Amino acid sequence: MSILLLLFAPGLFAIYWLIRIQICLSRIRCLVDTYGMDRKKLQKLKCKEVKALRESIDQLRHANDAFGLENLLRPYRA
């Protein structure tokens, strides 16, 4: 049984990282499509930073703070 685990562990690890990469790319794609942000500027960010940016955008949208949202998005616009 442990031999099978050793054989399948690298594959499972690769699948895990592929899913994480796809989730991060999906977040970037959503920001590019919704707010017209530059994909190259967003790809320089780490996945946690993209997640934090998206959460802060959602907070500003729920607070209806248009000026804060514009100031947050301006550095990442195309």
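Laboratory data are not the source of any read-out in this text; all were calculated from the coordinates shown. The structure displayed is predicted, hence computed values, not measured ones. Cβ placement follows ideal geometry from the backbone for every residue including glycine, while neighbour counts extend to all protein chains displayed.
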Practice task
May I ask you to list the residues in the stretch 20-44 that are outside any helix (DSSP H, G or I) and under 16 Å from Ile57 (Cβ atoms)?
Solution key: Gly36, Met37, Asp38
Practice task
Can you run down the residue pairs with Cβ atoms below 9 Å, 6 or more apart or on separate chains, where the first is in the stretch 52-67 and without any contact (Cβ under 8 Å) to a residue 60 or more places away in the chain and within 21 Å of Leu42 (Cβ to Cβ) and the partner is surrounded by 13 or more Cβ atoms within 10 Å (Cβ to Cβ) and charged (D, E, K, R)?
Solution key: Leu53/Arg27; Arg54/Arg27; Gln59/Asp65
